[in-house]
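All remarks here apply to the structure that follows.
Readers should treat all values here as calculations from the given coordinates under stated rules, not as data from a laboratory. Worth saying up front: this structure is predicted, and the values here are computed from it rather than measured. We place every Cβ from the backbone using ideal geometry, glycine too, and count neighbours over all the protein chains shown.
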Amino acid sequence: MTTPKTTPEVGGMGHSIKRKEDPRFIRGKGTYVDDVVLPGMLYLDIVRSPHAHAKIVKIDTAKATAVPGVLAVITGADLAKYNLHWMPTLMSDTQMVLPVEKVMYQAQEVAAVLATTRYAAADGAAAVDVEYEPLPAVVSPQKALEPGAPVLRTDKKDKKDNHIWHWEWGDRAATDRAFAEAEVTVKEQIYIPRIHVASIETCGCVAHFDKVNDKLTVWMTTQAPHAIRTVFALVAGHVGLAEHKIRIISPDIGGGFGGKVPVYPGYVIAVAASVLTGKPVKWIEDRMENLQADSFARDYHITAELAAKKDGTLTALRIKTLADHGYTDAAANPSKFPAGLFHVCTGSYDLKAAHVEVDGAYTNKPPGGIAYRCSFRVTEAVHTIERMVDIMAHQLGQDPADFRKKNFIKPEQFPYKSALGWEYDSGNYAGALDKAMQMIGYAELKREQAEKRKRGELMGIGISSFTEIVGAGPSKHFDILGLKMFDSCEIRVHPTGKAIARFGTKSQGQGHETTYAQILAEELGIPAADIQVEEGDTDTAPYGLGTYASRSTPVAGAAAAIASRKILDKARKIAAHLLEAAPEDLVYEPGKFSVKGAPNRSKTIQDCAFAAYTNHPQGMEAGLEAVSYYDPPNLTYPFGSYICVVDIDKGTGEVKVRRFVAIDDCGNIINPMIVQGQVHGGLTMGLAPALLEEISYDEHGNVQGGSFIDYLLPTAMETPKWETGHTITPSPHHPIGAKGIGESATVGAPAAIANAVVDALWHLGVRHVDIPITPPKVWKLLRENGVTE
Ligand code: CDP
């Protein structure tokens, strides 16, 4: 879509209309969970473990309960009376709400203090005396799987080791055969470290159990309110919390990025405390709790091999991965795929054979495996294939851009069935790469690099030509805890032609109030300004699986178009009635029906809406409403080509990103300004793990990145000026031809940066550097290779 079909006043697809939500955000008038204050509200604070693995000998609450304002200290033993001390994870593992016997990671919840003020709750938490008996901590997943390693999940009676699951995909025999026959192979160990979503707003909730009406309302920072309601009902049904008596409200959210999908113990404790006291209970994490205890992302130890012919034709990919899941598998993956969508790891390349294996391991670390601004491990997949392709190109002495173009899936091959079974919907990978090369001046940069190399200067050019996979997903293969991953839109057109549309998704800053209204405006011709979009209240919104993995546009966006078309079907009959014509004799353009051959005889959508309530045809139900629960036939495959130029300081090892060009293709664009904003934010969130972010642990399981002093986020100082552009290759199966965009840049950027760094150092013998590429890491490489004294 290059030229919008609607006028700027209507504001359908392709218009960069300003975000409807921003007036309240930029004036500080948003309503976040911590803005919810109810009469008589109590506050919860959490006591956390200083040990990574320890037996709980005793919890002494006497001093804590003596703190003025403290009402109670809640322990695992208290919850155990109601069988609420354990809960299921989204991957059907189990997770402690509060421990009874032992703690499994540093910063784990040990007890909770309920008080009349936030300060009293914090003082009470500091006064809880816990006696621990430290146990040996198992920190590395490799050691966790060694024979004789202490078995961590002693709660699982039959568990004899720390192995969670083995999962494999692809044709092993064909892949092995391709490797045996290969003329050239490359192999690399790639570690994608543990990182953490550091949303601007931490997690929290206000739980209010109204004893009179027997109704629980929870305002909470969740990306998936309906799924949470169902999980609460399934877990707490036995204590009287039936699903129709639970209302989850997800108000304004300050960033989710996958970290607000899981259920954290704090939510459950707050609900239990409210049910027991009948008072509203607020729990808001502080920044360090958020960083140390909430679900992490990545932590994949990958061994990858790529095979090719001497002429540079890629033939096969073989990958073995060890996934560190902490003490429980709390990833938020579709059930069928314990390693998420990692098996899209053949990327943008036409590979004839591939095989991928992943093993999950328990360690004494926080649980997780969440999709940090990516579609279930697609970042790990992209990083692996883009690094490997680059290594192979360098190994063969071929230009990485030419090498990619030679091996890309060609436009005429779509729909393309990958060696690992995915059906890519559409793409033009060379088109995006050509545009990026032109924009950055690739040939000129190569000349500059050659000259600089002669002078001993370190300059690198890195490419990442990634393919994403978003829009989970078709119900045949995709569910979370059995809930199929459809999504929904319900539209009500009011008599005066204005409308309200409600969705099963939940924006966390992506601008859904604007873009969903634009889809309706495109379809119905009702101005976007006249459409109110609502999400996040389970009492009013239709059921849906929520917003993560860039699924909103591919799934709920499609539901918006389909519900609109149902409205139009009815509006057409009403227009025919008003115009005394047959419905099939009417011509439709957005917002108006007219009689074929008599354009002056017409009725607007607003005329039809009014008639739906004042003058509807006999035999037709009054009103103009529709709902769609959209089950996508396939995922969408956005893609892009990014090119990054780095300069490396030989004295300090510092990597400076000098230029970064990003060409994205998300099919038809709803709002170009919002898409550009998503890409800018995503690129910065891709730069972060490439150069700065990592959560590591010492051998005792002490977290080394537990505050923003050690866990480095990019600031304006480290962030380059992003140069963005796009190509448009519509999705053939999506009703409006759109693909997702929210996560493309986070997924695609790290490999471009890493490839640029290795490109700068390849001639010195460097083949790979794990992210984050910090100055000490590079400096060490320079020293080892005789560049720096
Ligand atoms: O699920 P999530 O909203 O995080 O991701 P998305 O569906 O990729 O959408 C992110 C934002 O970009 C939303 O406001 C979309 O409506 C907008 N978008 C767009 O304007 N055009 C597209 N083709 C895709 C997304």
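Could you rank the peptides 30-36, 444-450 by their average count of other C-beta atoms within 10 Å per residue, with the highest value first? Let's see the in-between values first.
Values: 30-36: 16.9, 444-450: 13.1.
Per-residue Cβ counts within 10 Å, averaged per peptide and sorted highest first, yield 30-36, 444-450.
How many percent of all Cα-Cα pairs in the range 61-136 sit more than 16 Å apart?
On the way: 1569 of 2850 pairs.
Value for the range 61-136 (Cα pairs over 16 Å): 55 percent.
Gap in Å between the Cα centre of the range 371-410 and the Cα centre of the range 459-510?
Here the two parts' Cα centres lie 26 Å apart.
Relative to the Cα centre, what is the charge dipole magnitude of the range 21-164, using +1 at the beta carbon of each Lys and Arg, -1 at the beta carbon of each Asp and Glu, and rounding to the nearest 20 debye?
Numbers: 16 positive and 18 negative charges, 33 e Å.
Result for the range 21-164 is approximately 160 debye, rounded to the nearest 20.
Could you name the aspartates and glutamates whose alpha carbon sits less than 15 Å from that of K365, not counting residues in the same chain fewer than 8 places away?
Candidates past the 8-residue exclusion: E109, E289, D294, D299, D324, D329, E694, D698, E699.
All other residues with a Cβ under 13 Å from the Cβ of C345 taken together, and with Lys, Arg as +1 and Asp, Glu as -1, what is their net charge? Show your work: numbers first, answer last.
Values: positive: R318, K320, R377, R387; negative: E168, E305, E357, E380, E386, E468.
Once positives and negatives cancel, what remains is -2.
Looking at the P(r) of the range 408-528, how many percent of alpha-carbon pairs lie beyond 18 Å? Please report the intermediate quantities before stating the final value.
Details: 5315 of 7260 pairs.
Cα-Cα pairs of the range 408-528 separated by over 18 Å account for 73 percent.
Based on the mean of other beta carbon atoms within 10 Å per residue, what is the order of 157-170, 736-749, 127-140, most packed first? Numbers along the way, then the final one.
Values: 157-170: 14.5, 736-749: 28.7, 127-140: 17.4.
Peptide ranking by packing, descending: 736-749, 127-140, 157-170.
Give me the percent relative contact order of the range 267-355, please, defined on Cα pairs under 8 angstrom at least 6 residues apart.
Numbers: 69 pairs, mean separation 19.7, N = 89.
So the answer I get is 22 percent.
Picking from F296, P262, G278, whose Cα lies most toward the positive end of the charge dipole for the range 198-308 (charges on Cβ: Lys, Arg +1; Asp, Glu -1)?
With unit charges placed on the Cβ atoms, the residue in question is G278.
Among the lysines, select those whose C-alpha is under 17 Å from the C-alpha of K603, and discard any that sit fewer than 8 residues away in the same chain.
The qualifying lysines are K498, K570, K573, K592.
If you place +1 on the Cβ of every Lys and Arg and -1 on the Cβ of every Asp and Glu, how big does the dipole about the Cα centre of the chain come out, in debye to the nearest 20?
Values: 82 positive and 93 negative charges, 142 e Å.
In total the dipole reaches around 680 debye.
Could you sort 648-659, 670-681, 375-386 so that the peptide with the highest average Cβ count within 10 Å comes first and the rest follow in order? Intermediate values should be presented prior to the final figure.
Numbers: 648-659: 17.8, 670-681: 20.9, 375-386: 28.8.
Ranking, from highest mean packing down: 375-386, 670-681, 648-659.
What translational diffusion coefficient, to the nearest whole µm²/s, does the range 663-789 have by Stokes-Einstein, given a Kirkwood radius computed over alpha-carbon pairs, a temperature of 20 °C and 1.002 mPa s viscosity?
127
Using only Cα atoms, what Kirkwood radius does the range 342-398 have, in angstroms?
On the way: mean 1/r = 0.0747 Å⁻¹.
Evaluated over the range 342-398, this radius sits at 13.4 Å.
Quick one: net charge around L712, please, counting Lys, Arg +1 and Asp, Glu -1 for every other residue with C-beta under 10 Å from its C-beta.
Values: positive: none; negative: E693, E694, D710, E718.
It works out to a net charge of -4.
Cα-Cα over 29 Å: which of K20/K596; K63/K260; K435/K656; K156/K215; K29/K282? List each step's numbers first, then the result.
Details: K20/K596 37 Å; K63/K260 34 Å; K435/K656 24 Å; K156/K215 34 Å; K29/K282 20 Å.
Pairs exceeding 29 Å: K20/K596; K63/K260; K156/K215.
So how long is each side of the chain along the principal axes, counting just the alpha-carbon atoms, biggest first, in Å?
86, 73, 50
Using +1 at the Cβ of each Lys and Arg and -1 at the Cβ of each Asp and Glu in the chain, identify which of L98, G204, A126 lies farthest towards the dipole's positive end.
G204
Taking every alpha carbon pair in the range 160-204, what does the distance histogram look like in 5 angstrom bins from 0, in percent?
Calculated P(r), rounded to whole percents: 5, 11, 10, 13, 15, 13, 13, 8, 5, 5, 2, 0.
What number, in percent, do you get for the relative contact order of the range 1-136 if the mean sequence gap of Cα pairs under 8 Å and at least 6 apart is divided by its residue count?
Working: 228 pairs, mean separation 46.4, N = 136.
This gives 34 percent for the range 1-136.
Only Lys, Arg, Asp and Glu count, each charged at its Cβ (+1, +1, -1, -1), so figure out the dipole size of the range 228-353 about its Cα centre, rounded to 20 debye.
Details: 14 positive and 12 negative charges, 64 e Å.
Using only the charged Cβ atoms, the result is roughly 300 debye.
Using 0.36 nm per residue, how much length does the chain from Q398 to K81 gain when fully extended, once their Cα-Cα distance is taken away? Numbers along the way, then the final one.
Details: separation 317, 0.36 × 317 = 114.12 nm, distance 6.63 nm.
So the extension gain works out to 107.5 nm.
What is the range 721-789 by shape, rounded, prolate or oblate, if you read a ≥ b ≥ c off the alpha carbon gyration tensor as root eigenvalues and call it rounded for a/c under 1.5, prolate for a/b larger than b/c, and oblate otherwise? Write out the running numbers ahead of the final one.
Numbers: a/c = 3.74, a/b = 3.49, b/c = 1.07.
Prolate, since a/c reaches 1.5 and a/b exceeds b/c.
When only Cα pairs under 8 Å and 6 or more residues apart are kept, what is the percent relative contact order across the chain?
On the way: 2019 pairs, mean separation 123.3, N = 789.
Reported relative contact order: 16 percent.
I want to verify the translational diffusion coefficient of the range 419-466 in µm²/s; compute it with Stokes-Einstein, Rh as the Kirkwood radius over Cα pairs, at 25 °C and 0.890 mPa s.
Numbers: Rh = 13.2 Å.
Value of D from the Cα-based Kirkwood radius: 186 µm²/s.
If you take the charge dipole of the range 373-506 about its Cα centre, with +1 on Lys and Arg Cβ and -1 on Asp and Glu Cβ, which of F414, A393, G473 is farthest toward its positive end?
Selected residue: G473.
Taking the Cα atoms of the range 604-665 alone, what are Rg (to one decimal) and Dmax (as a whole number) in Å?
Reported Rg and Dmax, both Å: 28.0, 83.
Once you list every other residue whose beta carbon is under 13 Å from the beta carbon of L579, what net charge do they have if Lys and Arg are +1 and Asp and Glu are -1?
Values: positive: R572, K573, K592, K596, R601, K603; negative: E580, E584, D585, D607.
My count for the surroundings of L579 gives +2.
How many percent of all Cα-Cα pairs in the range 7-115 sit more than 21 Å apart? Could the numbers behind the result be given before it?
Values: 3471 of 5886 pairs.
The answer is 59 percent, as a whole percent.
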